[in-house]
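Only one structure is covered here, and it is reproduced in the block below.
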Amino acid sequence: MTIDIEAARAILRANDRGGYTVPTDRLYPFQWNWDSAFVAMGWATFDEERAWRELERLVEGQWDDGMVPHIVFHAPSDDYFPGPDVWRTRHSVPTSGITQPPVFATALRHVFESARGPDAQARAARLYRCALASHDWWDRARDPEGTGLVAILHPWESGMDNSPAWDEAMARLTLQPMTPIRRRDISHIGAEMRPRDEDYHRFIALVDLYAGLGWEPAAMWAASPFKLVDVATNAILHKAEEDLLVLAGQFGSDAERSRIAERMARRAAAFAGLWNQDRRIYQALDLGTGTKVDASTSAGLLPLFAGIPDAHQAAELAAELENWLARAPYPVPSTSPLDPRFEPKRYWRGPVWAVVNFMIAEGFARYEHMALATRIRTATLALMRNGGIAEYFDPTSGEGLGGGQFSWTAAIGLLMTDQSARAQHGL
Ligand code: GLC
């Protein structure tokens, strides 16, 4: 079970812009938050120094309040909209004003545990502080009422930009954008695969609203018409807290360890409110209406990655996924093929993302559903072999779609190949 390792490494090298890796040339010309975390783990399979740099360059964008922005605009580019002039944030390396799923601490632990260099301790100690500040920010800014679960204030914060889970909340938005929309994405990629114009209007209307509030977290929380408890973000944060707690064992204080552990206990309990027994999956909560969003997406499987479900729920998730795969054989579709909103080629409404597969496979392995974990890993590598190292894949045909030569897909290819080699050698 492998891919062309040299080709995957060559993609990371080609997308390297000096210590940070762009997701792909042109379409995404800056450093993206969760992309870089996965990419750092990919670099760690063959270039330790470069893995550290990826994380270090990401936190050059970290704000004083602890937020790690979703984009760090290290160098100008005309290929992307919305650029720094639209975000109007105050950070000295220009950044966006929202965040993305916090894979950072998980990546940090991974890079640290595979590191051999003499400076690993010092580098990890410094980055531990950044990760802790980021998790403290999530707690303060995005769970101000102390429910245990954090909310996102923009669909882009979920990393799953056009998930059907956001449809209803987005449809309720009446805000108009002030900024003129100058889409660049559809000059690089076919419009039928990308978000629609009306979605873009709403995406930018939210950016304009928050920019008008000076990106101040309490004001944003109070004013936001889009406030969703995303399953993926909370699951990823929970896993990241678990990894942060391990790092805190070496680099943190007793007070920090108990703070992290308390948050984890609260969150693990609160996850019960996201479980939908009829649908056999976790679903998002819309804080605008106080109701669960009845959309079954790959996000709903991610609590496995964080060890949240009990054994019965894990078995239900496995059975639900088997149902999806009877309709769309290439795992894991981002939206259930049984959902009428399923579209196999459109952004986050059906296609397969390798990074999500990685986390779901880790999750099933954690629950000892080894056959399913192996099936997902083998299929992910096969998708790359046959469809190219693409941004995402059609779950009905396996076709590679979106941007090509994609960094985080290459990184997952390297990681999964590494994992399977280790498993073969009993490591
Ligand atoms: C898209 C994806 C997001 C990703 C970014 C760069 O916006 O939805 O998850 O981080 O592209 O790859």
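The values are calculated or read from the model by the stated rules, or taken from the named source; none is laboratory data. Note that the structure is a prediction, hence the values are computed from the model and not measured. Note that we place each Cβ from the backbone using ideal geometry, even for glycine, and neighbour counts take in every protein chain shown. Each accessible area value is taken on the protein alone, full model and side chains, heavy atoms only, with ligands, DNA and RNA left out. Shrake-Rupley method; radii C 1.70, N 1.55, O 1.52, S 1.80 Å.
Restricting to segment 404-427, count the residues that are within 17 Å of the chain's Cα centre (by Cα) and either within 13 Å of the ligand (Cβ to nearest atom) or farther than 15 Å from W353 by Cα (or both). The qualifying residues number 7.
In summary, V229 fulfils each of the numbered conditions (1) within 19 Å of the chain's Cα centre (by Cα); (2) β-branched (V, I, T); (3) within 30 Å of F112 (Cα to Cα) with the single exception of condition (3).
Does segment 317-336 contain any residue that is at positive phi, within 16 Å of the ligand (Cβ to nearest atom) and not in a helix (DSSP H, G or I)? No: segment 317-336 contains no residue that is at positive phi, within 16 Å of the ligand (Cβ to nearest atom) and not in a helix (DSSP H, G or I).
The residue of segment 42-62 that is nearest to the ligand (Cβ to nearest atom), among those that are among the hydrophobic types (A, V, I, L, M, F, W, C) and open to solvent by less than 40 Å² (accessible area, probe 1.4 Å), is L58.
The lone criterion from (1) within 16 Å of the ligand (Cβ to nearest atom); (2) surrounded by fewer than 19 Cβ atoms within 10 Å (Cβ to Cβ); (3) within 22 Å of R50 (Cα to Cα) left unmet by A107 is number (2). Starting from segment 244-268, keep only residues that are closer than 17 Å to R140 by Cα, then list their pairs with residues that are at pLDDT below 95 and open to solvent by less than 50 Å² (accessible area, probe 1.4 Å) whose Cβ atoms are within a distance under 6 Å, requiring at least 6 positions of separation or different chains. Correct list of pairs: empty, since none qualify.
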